[in-house]
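Shown next, in structure tokens, is the structure this report addresses.
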Amino acid sequence: MMLWIKLLLSALLLGYLVWALDLTAILELLKTADWLLVIAACFCLIVGQLFSALRWAWLARGLGLTVSIGRKIQLYFLGMFLSLFLPSIIGGDVARGWLLAKGKENAGWAAAASIILDRLNGVVGLAMVISLCMFFLDVPAMWIWIWNAGLVAGFVLMITIRLWWPKLQGFARQGKFSGWKELPLTSPEFAAAWWRSLPVSLLFQALVVQSHVFLGQAVGMELSWFVYGFMVCLIALASALPLSFNGFGIREAGYVGIAVWFGASSEAAGAMAALWVLVLAIAAIPGGIVLWKLGGTKILHKAQSKNGI
């Protein structure tokens, strides 16, 4: 039921864009696009995903999971492929977490935590890029103050984890969340992995933004890097919410809306959004190769039956 609701919302948003935008103009922009810049965008995203996989490897190691970095990179790309192409079989994050814990005794909670904390570390990176970009854009001062107050509060929570995490562990001693009490979130090893991962999250987000800059330039959408950073990171946060099918619809509508707000052509923004889907698909190809080497979708159905997904 949730999948159908997400599909419906995505279809409605994409349908509205098809109705509202000049598709002929978008196609013309795509025909005349600078494909060298599209290739550069693919390169930026793939390199960024490698850094993101490295971040996950560090965080997992900080939680005591000692799988090789090469293995974690493979699983990361597998998760990307599944999230984009096969979300109805099993979620990409669920798959890479299950495969990470496979064959290791009592590793389920640590594997799940590594996925969640990897995502959370990335969200902090997104928030930091948005905060930086706001100072270079003509946005209401109240937005800047509210956003940065939330960012500071988040850093206070991260710094004071030794004070509040033991109390949360006390609530998790029984019931379905009892495994959380064993997670070494206050250990020096995990703290070092967490803080070392934040610059990697910033680098990853910068590469994703630059990828969009290349795509925008390929179709003639000339906006400053800070506009792209604000747009891409804010829409990334919105599309990550479990409201649509892999962010489709929310992402494209968001790109068009924010780009037009900053003076760009809606058709150029639509063309850039279409190219971004193409770049995502190309960057996910290594994950498809990993899935094929693992035995295809059979291993995913096995994960479903084993975990009751």
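The values are calculated or read from the model by the stated rules, or taken from the named source; none is laboratory data. The structure presented is a predicted model; accordingly, all values stated were derived computationally and were not measured. Virtual Cβ from ideal backbone geometry, glycine too; neighbours counted across all protein chains shown.
Annotations for the structure displayed:
- Residue tally, condition buried (at least 21 other Cβ atoms within 10 Å of the Cβ) and in a helix (DSSP H, G or I), over the stretch 211-235: 15
- Taken together, L65, L54 contain a single residue that is among the aliphatic types (A, V, I, L, M), under 22 Å from A193 (Cβ atoms) and not in a helix (DSSP H, G or I), which is L65.
- Every test in (1) modelled with pLDDT under 95; (2) in a helix (DSSP H, G or I) is passed by I130 save one, and that test is (1).
- Within the stretch 137-152, residues that are in a loop (DSSP other than H, G, I, E, B) reach partners that are of a type in the set (V, I, T) with beta carbons closer than 7 Å, at six or more positions or on different chains, in the pairs L137/V227.
- Condition met for I73 (surrounded by fewer than 15 Cβ atoms within 10 Å (Cβ to Cβ) and closer than 26 Å to V208 by Cα): no
- The set of residues from the stretch 26-37 being more than 16 Å from Y255 (Cβ to Cβ) and in a helix (DSSP H, G or I) comprises L27, E28, K31, W35, L36, L37.
- Residue that is closer than 15 Å to W58 by Cα and either at pLDDT 95 or above or surrounded by 12 or more Cβ atoms within 10 Å (Cβ to Cβ) (or both), where the choices are A193, A172: A193
- Residues (surrounded by 13 or more Cβ atoms within 10 Å (Cβ to Cβ) and either at pLDDT 75 or above or not in a helix (DSSP H, G or I) (or both)) located in the stretch 157-169: M158, I161, W165
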